[in-house]
Protein chains: 2
Amino acid sequence: MSQKPTLPKGTRDFGPAQMGKRNFIFSAIKQVFEKYGFMPLETPAMENLSVLTGKYGDEGDQLLFKVLNSGDFLSKAKETDFAAGSKQLLPKISEKGLKYDLTVPFARYVVMNRHDLALPFKRYQIQPVWRADRPQKGRYREFYQCDADVVGTNSLICETEIILMINEVFAKLGIKDFDIKINHRKILTGITQAIGATGKESDFCVAIDKLDKIGIDKVLEEMKGRGISEEATQKALPILALTGTIEEKIAHLKNILQNSEEGLQGIKDLEEILETLKTFDLDQHHVDFDVTLARGLSYYTGAIFEVKVNNVSIGSVSGGGRYDDLTGVFGVPDLSGVGFSFGVDRIYDVMEELDIFPEEARTSTEVLIIHFDDESKKYGLSVLNQLRKVGIKSEIYPDSAKPKKQFDYANKKNISYTIVIGSDEIATQKLSFKNMASGQQEKLTLEEILKQLSKH
Amino acid sequence: MSQKPTLPKGTRDFGPAQMGKRNFIFSAIKQVFEKYGFMPLETPAMENLSVLTGKYGDEGDQLLFKVLNSGDFLSKAKETDFAAGSKQLLPKISEKGLKYDLTVPFARYVVMNRHDLALPFKRYQIQPVWRADRPQKGRYREFYQCDADVVGTNSLICETEIILMINEVFAKLGIKDFDIKINHRKILTGITQAIGATGKESDFCVAIDKLDKIGIDKVLEEMKGRGISEEATQKALPILALTGTIEEKIAHLKNILQNSEEGLQGIKDLEEILETLKTFDLDQHHVDFDVTLARGLSYYTGAIFEVKVNNVSIGSVSGGGRYDDLTGVFGVPDLSGVGFSFGVDRIYDVMEELDIFPEEARTSTEVLIIHFDDESKKYGLSVLNQLRKVGIKSEIYPDSAKPKKQFDYANKKNISYTIVIGSDEIATQKLSFKNMASGQQEKLTLEEILKQLSKH
């Protein structure tokens, strides 16, 4: 007997309604990326495991989906490999995996094409990635990433442009209440120096990264647990609690970091980014300097970003930062850059929660032609021809069916208008034009209908 | 030491230049699909092997990429499974595979969502699929399919709309010399009956499917080898060699198929499809009735299509047909429909060969701002702000560098225009505006530049 089909755990289908909304988000992001000179790149779903393994830590290696070699995949495996377990057998039976993020494939691409690329190379990439994570609400095993990176330049104009792009994307999406939190790795280094915890930077960062989740008291406890002295944590407390305008915070920190060359360099970078931002007379730039922003610090070396939408359940929707060595692991050192990523699934959820998807995010047919008999169906085809000639998304109900069934189809498919054609309509050349949302119906000539539709 | 990274065999990166051209093709296809009421669907890359296996024949099962279970993938495997070989071990260590086409995932989606779908359901799907085929020129292990299907209706309007959509897509792409070959499975059945080879239909079709490759003599030989009598092949010969207009061929076949109910039904369908086509006053419909067109017949049950571009090396770029049972294998019988697929890689190759990609298929920045020093760079940022405000894709060279290096960047990235800013330009407010293709350069105010750019 036939089986009842299912989807793999943690994966999703995107039907027409979701696709319309998702494409609305993708399209806003792409338009902005391209306006800023970023060009599209796509890399394969599969990468060699030699490219992927060791790039995401032990946990990441575990979470890679591995693809069995094709054909007789056991041909290189010995019984002793099997007996030794999964870990030893793996390299004998699998050489490829599904990509885990877009950064490592991007680095591989840059290395393989470095002689042909125009540097600085600005690329964006919007593709699914796969992680064998335990699925849970909002966490999937296949999800899209949406990255933009510039490599091959240290210019801080790139950081400013990231802020500008985030502002433009969110304006296009209609998300108004958000903050672009910015910090700088060197400022964090400077703080550890200033509080007397030099060298404890990554412990410091791991702890403050949890501030939102566990609160300041537990963060200080965690610092102590990680070998930061009581005295240092006490010194950290007022720094982490800094308030005021960006300018006030910077002034305060300049004082605190006066003996840290790195810390002052971080401040200087931040000032330059903000100064350049002024050239681009935004009404509001949404930037907030947040010394408690840490992000995956092992990777980043300069400015770091995170975007939070306010007053929604999952606020963090975008992040990124500057790194100084994208491709060293593939033998090409010193290629620095800055990148960031939009979390499309989260932006989707935020926009649903705020109920701000516009009408245009609804991909559907504009007009359905409904008919009563063979004659009106035939007449309907000629009407359809006229509608499509002027580019109107339109269809005719293909079968002969009761009008109710045809109207049901229009409703189920969320079609905006119907044109109902019967013998009366053919005789008078006045067609019944119905707005499916309002229920309003008029008898109009085809010409009048085309005129009305062209207004939308 | 670092490794030299490589791509898995049979896979490709698509850099900015290729992406621009590919997106041009995708976008033309999507626009047409949506205009005809087809809505987008995306399904995951991975499907359960229970969904995929047995749907593509034994060879297809071999060509599925299988994904190892995550974690300790050997936990369910016994030593006897290993000893028995790949085939027995496989189900113990792998439950998922990469999708092989878009039809089976579509059928799964329809079955899983049948209570919510508006029938007839018109969907299009543009996604990569994976096959562990031996890579060769024009054949990849990861490639995009681009399908449109309607299920839940027997209406032949759908067949006509396929012809219309193909015409519109090719018009948008600028492909002018092509044929939409059409045939009907029932006509092929009728022919086998008429020549006295009843029941030998699939042998007949396998043979004529090779006509283009091996020629008529070898096709007849193959028929004989497959148990079709000498007499029958002799009768087939003039039918396969039918020439004339569509109407002439139809008239001729009506005579030949006069005793085959099925054959005459096929002819009737064809006539209806062509009659409906007349409603849509195309200048040229490109349809050619080709009795030698067979296609994968095990699947199709009605009209079949194939699109050939003339005077190029690989001509066949699209195909499809009607089937009467999409979802029976998943326990939902009698859902009939019609679908077809554009071969995007082949269309890409055809357009390259004909050199007809238009300027708009070139995704690149329109304007690069080039500067001499810190002051002109700063001034350049304000110019950049003005360009982007009116939506012009533009960028500034982010580093301080010699003009030659900046011009090289513009050339390498295929940027259309540069605006060169030095102290003279700032003083006179006349910027050097250069057309990078023609080399022509003028001194213009920013306002004049914006005016010129808005013309393109």
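Here, each number is a calculation from the coordinates, and none is a lab measurement. None of the values given here were measured: they were computed from a predicted structure. We place every Cβ from the backbone using ideal geometry, glycine too, and count neighbours over all the protein chains shown.
Please report, for A:G174, the nm distances (one decimal) from its label point, 7 Å out from Cα along the beta-carbon direction, to the equivalent points in the remaining copies, shortest first.
3.7
Within straight cross-link reach of A:K4, meaning Cα distance under 14 Å, which aspartates and glutamates are found once same-chain residues fewer than 8 apart are removed?
Filter leaves B:E47.
Is the stretch A:363-455 rounded, prolate or oblate when judged by the Cα gyration tensor, a ≥ b ≥ c being the square roots of its eigenvalues, rounded requiring a/c under 1.5 and prolate requiring a/b larger than b/c?
rounded
Out of all Cα-Cα pairs in the stretch A:162-278, roughly what percent, to the nearest whole number, are more than 23 Å apart?
Result for the distance tail: 37 percent.
Just checking the output field for B:44-52: average partner chain Cβ neighbours within 10 Å of each residue's Cβ?
Mean shielding count: 6.
Hey, can you grab everything whose amide H is under 5 Å from the amide H of A:L431? Only 5+ residues off in sequence or another chain; H modelled, so Pro and N-termini drop out.
Close amide H contacts, sequence-distant or interchain: A:L444, A:T445, A:L446.
How large is ³J(HN,Hα), in whole Hz, for each residue of the stretch A:301-306 in order, when computed from phi with the Karplus curve 6.51 cos²θ - 1.76 cosθ + 1.60 and θ = phi - 60°, using x for Gly and Pro?
10, x, 5, 10, 10, 8
Averaged over peptide A:105-118, how many Cβ atoms belonging to another chain are found within 10 Å of each residue's Cβ?
That works out to 3 on average.
Residue by residue, what Karplus-based ³J(HN,Hα) values in Hz, rounded to whole numbers, does the stretch A:332-348 have, using 6.51, -1.76 and 1.60 with θ = phi - 60° and x for Gly and Pro?
So the Karplus estimates, Gly and Pro as x, are 10, x, 6, 9, 9, x, 9, x, 7, 9, 9, x, 5, 4, 6, 4, 4 Hz.
Given the rotation relating B and A, tell me which residue in B puts its Cβ closest to the axis and the distance in Å.
Residue and rounded Å distance to the axis: B:F82, 2.
If you take every residue apart from A:L119 with its C-beta less than 11 Å away from the C-beta of A:L119, what net charge results, scoring Lys and Arg +1 and Asp and Glu -1?
So the environment of A:L119 carries a net charge of +2.
Over what distance in Å are the Cα centres of the stretch A:3-33 and the stretch B:75-119 separated?
Between the Cα centre of the stretch A:3-33 and that of the stretch B:75-119, the gap is 22 Å.
Hey, what's the Cα Rg ratio for chain A versus the globular rule of thumb, 2.2 N^0.38 Å?
Dividing the Cα Rg of chain A by 2.2 N^0.38 Å gives 1.26.
Taking only DSSP H segments of four or more residues, each worth -39500 (n - 2.57), what value at 222 nm results for chain B once the sum is divided by all its residues, to the nearest 500 deg cm²/dmol?
So the calculated ellipticity at 222 nm is -13000 deg cm²/dmol.
Which loop-located chymotrypsin sites (Phe, Trp or Tyr not before Pro) does the stretch A:287-392 contain, where loop means any DSSP state but H, G, I, E or B and the Cβ has at most 15 other Cβ atoms within 10 Å?
Answer in residue order: A:Y299.
Measuring from a point 7 Å out along Cα→Cβ, what nm distances, shortest first, does A:I246 have to its partners in the other copies?
6.4
Run through the other copies and list how far each one's label point is from that of B:K137, in nm with one decimal, shortest first; the point sits 7 Å from Cα along Cα-Cβ.
For B:K137, the other copies' label points sit at 5.7 nm, shortest first.
Round to a whole angstrom and tell me the spacing of the C-alpha centers of the stretch B:367-435 and the stretch A:398-435.
Between the Cα centres of the stretch B:367-435 and the stretch A:398-435 lies a distance of 56 Å.
How high is the relative contact order of the stretch B:363-455? Use alpha-carbon pairs under 8 Å, at least six apart in sequence, and give a whole percent.
After rounding, I find 29 percent.
Going down the table (B:K30/B:K405; A:K172/B:K35; A:K254/B:K405; A:K76/A:K99), which pairs top 30 Å between alpha carbons?
Among B:K30/B:K405; A:K172/B:K35; A:K254/B:K405; A:K76/A:K99, the Cα-Cα distance tops 30 Å for B:K30/B:K405; A:K254/B:K405.
Let me make sure I get this right: for the protein assembly as shown, a, b and c are the square roots of the gyration tensor eigenvalues over alpha carbons, sorted descending. Under 1.5 in a/c it's rounded, otherwise prolate if a/b > b/c, else oblate. Which is it?
prolate
Which whole-Hz couplings ³J(HN,Hα) result when phi for each residue of the stretch A:413-425 is put into the Karplus expression 6.51 cos²θ - 1.76 cosθ + 1.60, θ = phi - 60°, listed in order with x for Gly and Pro?
Result, ordered by residue: 8, 6, 7, 6, 10, 10, 10, 9, 10, x, 5, 4, 4 Hz.
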